[in-house]
Amino acid sequence: MMKKVLIVFVLLLVTSFGQAQFFNRVDTIRVIENGIQLANPWAGGINFPAVNELDANGDGRKDIFIYDKFNSKISVYLNNGNTNYELAWDYSPEYAFKFPPINQWVLMYDYNCDGREDLFTLSPIALSAMAVYRNDFTPGTGLQWTLVDDYLDEAYQTLRQNIFVSGVSLPGLSDIDNDGDMDIIGYNSFPDARFIFHRNYSMENYGNCDSLDFKYETGCWGNFALQVGGANAVGCFNCPCREGRPHVSNPLYEEPKYEQSEAAPLDDTVSGMMLIDIDGDNDKDIIIGDVASYNSLLVINGGTNVSANMVSQDTVFPSYDVSAIFDGFHYHSYLDIDNDGARDLLVHPNFNENHEGMWFYRNVNTDAHPIFEFVDRSFLQSSMIEGGENVAPVLYDYNNDGLLDLILGFDEFVTATSHRTGIRYYKNIGTVTMPAFELIDSDVATISQFNFTSPIYPSFGDMDGDGDKDMIIGNEDGRLAYFVNNGGPGNVSDFTFVAFNYMTIDVGKYSTPQIYDLNNDGLNDLLVGEQNGFVNFYKNIGSISSAFFNATPTNDSVGCIAIQAPFTTDGFTVPFMYDSLGSKRLLVANENGFILSYDGIDGNIDGCYHFKGNAIDSSESTRFKFNITVSGGDLNGDGLTDIVIGQSTGGVEVRYQSNSGIGIGETTQIKPSVALSPNPASDKLNLRFYNLSIGSKSVLRLYNVTGELVKSIVISSIETQLDLSGFSNGIYMVQLISGQNSVSRKFIVSH
């Protein structure tokens with residue numbers, strides 16, 4: 001009953017907390033693996049990347065922008081100009097907060113020909129449309145973005161409709177007809193294995209390329225269709241075009257020569273595509289990744305720049321070299337990786353490949369006629385600590401030399417159905433004030449043999465009074481595994497497995513333990529986080545030489561803390577209790593990506609703790625996987641507790657404790673917007689408003705097709721409904737005016 005009451009209290013608290021950040025990112029600590037110093041050790045791992053190029057700092061070089069769908073993380077790697085691709089890219093987290101909100105995916109393309117890549121992503125107001133942000137970089141302000149359109153649409157016959165995209169079906173952005181403006185190749189909202197040509201008429205209508213004026217040109221671009229039923233291959237070349245679904249009695253309609261079988265009534269072909277002139281003949285070919293396949297498909301255009309006609313395919317592209325075949329359907333990026341002036345090819349997955357998921361193919365020919373040569377399976381990933389996914393770093397003096405080492409619980413992808421979990425040991429080879437780490441053991445105590453389900457969360461403390469610290473591991477099943485340390489006082493740790501179900505403790509799911517004497521009685525207690533968003537306290541009722549715990553927690557909601565993600569009962573808490581300047585402090589990492597800070601613990605261990613805020617900048621808390629973890633210790637010898645953060649993408653962050661906060665990133669310029677539904681509408685039209693001031697400064701005006709003002713209202717709430725019973729059938733325009741901003745939307749009335 002106590003937990004049910006607490007959920008409401010803490011949900012309200014978390015949604016309204018302010019800044020209390022006091023841990024600053026550190027990226028200068030050296031890390032060595034296999035004798036090689038990592039170039040970007042603290043970059044955080046990579047799992048499901050969308051990779052684009054842009055000039056982030058205005059130095060004229062194209063940098064790398066990565067949006068990782070696995071945990072919604074943005075990473076920027078600045079180009080330092082080195083022609084050695086392994087040394088050319090510097091992880092620069094300070095740029096991560098200078099981008100607009102990204103939804104599901106991101107593509108960058110300079111649509112207005114100003115030399116700066118603009119940003120395209122899934123619309124925040126309609127999951128079947130895309131939003132466009134203009135890059136308004138200046139030397140004085142740096143990166144800044146203006147929302148140009150949150151619902152990119154086009155002319156279709158006599159109507160206007162959104163250009164269809166989805167969460168997994170990414171469009172292709174390119175100048176298809178070679179007239180200077182950006183066109184779009186997309187998909188039908190009803191999967192039909194075809195490609196749609198959305199032609200931009202900016203040059204034709206305005207004589208420049210800075211507009212997004214699209215028309216539905218054809219639903220059968222290239223005169224080909226993909227094979228249905230799972231294979232990433234062309235099903236037919238020069239197959240009849242099926243525009244819409246005309247009746248078979250239509251004399252202009254030719255029955256298609258390909259049909260879906262009863263076994264595959266709906267085509268599963270939703271793809272990522274990259275448009276590229278790969279054979280140097282001045283028309284666009286296409287490289288495709290399919291949701292149900294593990295290959296890259298190249299389809300060659302034998303037509304012209306205006307009238308595409310696909311004529312051949314390479315189903316294991318590049319078949320002339322190492323074919324890009326790996327688990328997880330493919331996305332492709334075209335950018336200059338080695339700074340030789342010719343763009344190269346990156347192939348990266350939508351899922352699973354979390355160690356070797358950035359395949360680099362060097363362009364050994366020209367930019368106009370590329371030929372790709374395989375170079376590397378783990379571009380960028382090999383430059384960082386990469387534990388696969390669901391990592392849990394903990395600081396512990398493994399070899400008893402007085403320096404805190406880095407212990408990393410990891411989860412590595414092996415096949416589509418199997419993972420390898422275990423613990424790595426990075427020895428601290430630095431000094432008391434300047435740490436540095438070297439990987440010594442990739443499978444401590446051969447823990448991988450036990451097949452624990454991630455996250456593998458280690459904790460250390462002396463449970464048997466013999467002067468060395470033993471190890472207790474939490475994992476997905478909610479129980480605890482116990483390993484005794486036989487190394488002895490002052491010696492290197494030597495862990496031996498004892499029990500899978502330590503003291504029969506079971507928190508349900510995703511146990512994250514910390515060994516800590518909470519009640520100051522000289523005995524090591526247990527704090528254990530769990531999936532349901534609480535922190536459990538298990539009091540040690542044994543002795544120094546023999547710890548003992550009841551299976552039922554002494555307190556199942558420590559500090560009155562209950563942290564659930566919105567609309568769920570999940571929180572995936574990870575506790576880290578520490579002493580700071582003579583007082584106890586508690587950090588709790590959770591599913592929302594926050595690391596929440598609490599004090600008011602001394603003399604109040606059974607009461608409600610004082611919530612201080614987020615321990616890191618809230619703009620950095622954009623993680624949406626349960627295993628963001630936190631632990632710590634004094635790494636730089638200043639007497640303050642520093643922290644290590646584990647990310648779901650397999651990487652680690654280090655942050656030193658500071659008395660000062662860190663700056664908040666620039667706010668993004670977002671224009672007001674309105675979403676309409678249904679459209680077409682008959683009796684009622686629902687409107688929802690975004691990014692505007694409610695009241696006299698925001699007005700809604702309705703015009704008919706002749707431009708006559710039909711209705712004008714002051715917006716008094718974020719949602720409203722219009723009665724259309726008195727409206728004639730036809731096309732109408734909604735104009736939203738908020739302050740100095742204005743945006744228009746069309747809708748159709750059809751009674």
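The values are calculated or read from the model by the stated rules, or taken from the named source; none is laboratory data. Note that the coordinates shown come from a computational prediction; the quantities given were computed from them, not determined experimentally. Neighbour counts run over all protein chains shown; Cβ positions are idealised from the backbone, glycine included. In case anyone asks, the SASA skips ligands and DNA or RNA and just uses the protein heavy atoms, side chains included. Shrake-Rupley method; radii C 1.70, N 1.55, O 1.52, S 1.80 Å.
What the table below lists for this structure:
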| item | result |
| --- | --- |
| C-alpha long axis of helix 2-15 to longest principal axis of the chain, angle in ° | 60 |
| Calculated FRET efficiency for the pair ASN686/GLN157, C-beta based, R₀ 25 Å, to 0.05 | 0.50 |
| For peptides 135-143, 168-176, sequence by mean Cβ density within 10 Å, most packed first | 168-176, 135-143 |
| Links that overshoot a 25 Å alpha carbon limit, given the list LYS69/LYS284; LYS215/LYS711; LYS469/LYS584; LYS73/LYS215; LYS697/LYS746; LYS469/LYS539 | LYS69/LYS284; LYS215/LYS711; LYS73/LYS215 |
| Förster-model FRET efficiency, 41 Å R0, ASN486 and THR415, C-beta, rounded to 0.05 | 0.75 |
| Of all accessible heavy-atom area on the chain, the percent that carbon and sulfur account for (1.4 Å) | 51 |
| Packing-based order for 28-35, 197-204, using average beta carbon neighbours within 10 Å, highest first | 197-204, 28-35 |
| Residues of the stretch 81-112 with amide N under 16 Å of the 7 Å Cα→Cβ point at ASP136 | 98-101, 112 |
| Accessible area per residue in Å² at 1.4 Å probe, computed on the chain | 39 |
| Beta bridges per DSSP with both ends in the chain, % antiparallel, nearest 5 | 95 |
| Estimated distance in nm for a label pair at THR706 and LEU581, the labels positioned 7 Å out from Cα along Cα-to-Cβ | 7.4 |
| Gained length - SER725 relative to VAL311, 0.36 nm times residue gap less alpha-carbon distance | 143.8 nm |
| log10 of Debye I(q)/I(0), alpha-carbon scatterers only, for the stretch 454-520 at 0.12, 0.25, 0.26, 0.28 Å⁻¹ | -0.30, -1.07, -1.12, -1.20 |
| Gain upon complete extension [VAL699, ILE440; 0.36 nm per residue less C-alpha separation] | 86.7 nm |
| Peptides ranked, highest mean first, by Cβ atoms within 10 Å: ranges 383-395, 291-303 | 383-395, 291-303 |
| Mean separation of Cα contacts under 8 Å, 6 or more apart, over the residue count of the chain: relative contact order % | 11 |
| Full-extension gain in nm, CYS241 to ASP397, via 0.36 nm per residue minus C-alpha separation | 49.4 nm |
| Fraction of antiparallel bridges per DSSP, the stretch 449-581 only, in percent to nearest 5 | 100 |
| Euclidean distance between Cα centres, the stretch 116-135 to the stretch 288-337, Å | 25 |
| Rough spin-label spacing in nm, given labels placed 7 Å along Cα→Cβ, for TYR320 and VAL364 | 1.0 |
| Where only alpha carbons of the chain are counted, the Rg and the Dmax (Å) | 28.6, 91 |
| Two-site FRET efficiency, ASP634 against SER546, from Cβ-Cβ distance with R₀ of 35 Å, rounded to 0.05 | 0.70 |
| Where labels lie 7 Å past Cα in the beta-carbon direction, separation of LEU127 and ASN24 in nm | 4.2 |
| Charge tally in the Cβ shell below 15 Å around LEU722, where Lys, Arg are +1 and Asp, Glu are -1, LEU722 excluded | +3 |
